[in-house]
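Before any comments, here is the structure.
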Amino acid sequence: MLILGIETSCDETGVALYDSEQGLLAHALFSQIDMHADYGGVVPELASRDHVRKLLPLCDQVLSEAGKTRADMDGIAYTAGPGLIGALMVGGSVAHSLGFALGLPVLGVHHMEGHLLAPMLEDNPPAFPFVALLVSGGHTQLVRVDGIGAYQMLGESVDDAAGEAFDKTAKMLGLDYPGGPRVAALAEQGTPGRYRFPRPMTDRPGLDFSFSGLKTFTLNTVNAAREAGDLNDQTRADIALAFEAAVVDTLTIKCRRALEQTGCKRLVIAGGVSANKRLRAGLEKMATKLKAGVFYARPEFCTDNGAMIAYAGAQRLKAGQRDGERIVAVPRWPMNTLPPITEPRSEGLVD
Ligand code: KG4
Ligand code: ZN
């Protein structure tokens, strides 16, 4: 089954072709980062307009790279949410129009399910059940995964997402959007131990997260250094390192608890922040002690991409799930409301 996957939930136009027998055949991504950088964050209307410009050329590009034509396709998957409504509508409109024209089944996919399943595209995919840490720009969640669509929410952020905290810290340090990779790069030059930031909500039981207090602590530290006339490159790097270490420690402590609580021996990390090297290293060290394995996607499939949507869509389309005639676009969509792969999907997801 050859599935075209389309991702347009935010600021990346991602397209991929996934074959259920042969695996990933081609993928392409256009990032709008340069366009939004001047504004310090994503401008939704600009994002939608750029998806309109890039999406069909990228579809043609992956088809030609894979040596296929539209006639070879068996189905189309697109990101139906969560995300920016205008941006989602672009992907949904193109997917449904292509599906209608070619007589193919079309399915709206949950963006975070895409992230969650992205490690399945790698050589050593995790078996079910596993615990997943989803860490992106909009979500920080711990989920017990017993199968596709069998998701039990173990904990989540009560305020900012981990990626959002990275992005805001970057702004405070005068770094460009998107901040995560830039904070991580700056932290490489940091002096370990100069600052120690709090590890929020680790001193009490439970698997929820909170990053807004850490954000305020970072801001206060930056302001104090500025007032002392000490906000030089080294201090900024030291703050970046202290912030990153606090996020990594916090996530690691909660992941350890989740593994202990569930008895699972596999931890999957997914979403943009899972590209972070210090996080990967921290989790691997912790998991080794528990004799557990850590699984993640290659860096380009940690952040938004079309391959994860093609993969997730292929699993559900293969099981017979498909949209009705209406485009599904759901800006807010809890992942644990998704049906297991064995059940038909209900209509009525449209807001
Ligand atoms: O999954 P993603 O591409 O988009 C969403 O679904 O939100 O995640 C983007 C987030 C941004 O907040 C970005 O700063 C963060 O992931 N990120 C990182 C790294 N690479 C991306 N954060 C920390 N370290 C990184 N290497
Ligand atoms: Zn994402």
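Just a few scattered comments:
- Scan of the range 248-264 for residues that are under 17 Å from Tyr296 (Cα atoms) and without any contact (Cβ under 8 Å) to a residue 60 or more places away in the chain, ordered by number: Val248, Thr252, Arg256
- Selection within the range 1-35 - out of contact with any His (no Cβ under 8 Å at 6 or more places or on another chain) and of a type in the set (Ser, Thr, Tyr): Tyr18, Ser20, Ser31
- Scanning the range 249-280 for residues that are within 12 Å of ligand 1 (Cβ to nearest atom) and either open to solvent by 10 Å² or more (accessible area, probe 1.4 Å) or at positive phi (or both) yields Gly271, Gly272, Val273, Ala275, Asn276, Lys277, Arg278, Arg280.
- Just one of the numbered conditions (1) among the small types (Gly, Ala, Ser); (2) within 16 Å of ligand 2 (Cβ to nearest atom); (3) open to solvent by 10 Å² or more (accessible area, probe 1.4 Å); (4) over 25 Å from Ile6 (Cβ atoms) is not true of Gly180: (4).
- Scanning the range 133-158 for residues that are more than 16 Å from ligand 2 (Cβ to nearest atom) and either closer than 22 Å to Tyr311 by Cα or under 17 Å from the mean Cα position of the chain (by Cα) (or both) yields Leu142, Arg144, Val145, Asp146, Gly147, Ile148, Gly149, Ala150, Tyr151, Gln152, Met153, Gly155.
- Hey, Ala170 more than 10 Å from ligand 1 (Cβ to nearest atom), free of Cβ contacts under 8 Å to residues at least 24 places away in the same chain, assigned to a helix (DSSP H, G or I) and surrounded by 14 or more Cβ atoms within 10 Å (Cβ to Cβ) or not: no
- Selection status of Leu207, outside any loop (DSSP other than H, G, I, E, B) and open to solvent by less than 20 Å² (accessible area, probe 1.4 Å): no
The values are calculated or read from the model by the stated rules, or taken from the named source; none is laboratory data. In this text the structure is predicted, and so the values were computed from the model without any measurement. Quick reminder, even Gly has a Cβ in these numbers, built from the backbone with ideal geometry, and neighbours come from all protein chains shown. Heads up: the accessible areas ignore ligands, DNA and RNA and are worked out on the full protein's heavy atoms, side chains in. Shrake-Rupley method; radii C 1.70, N 1.55, O 1.52, S 1.80 Å.
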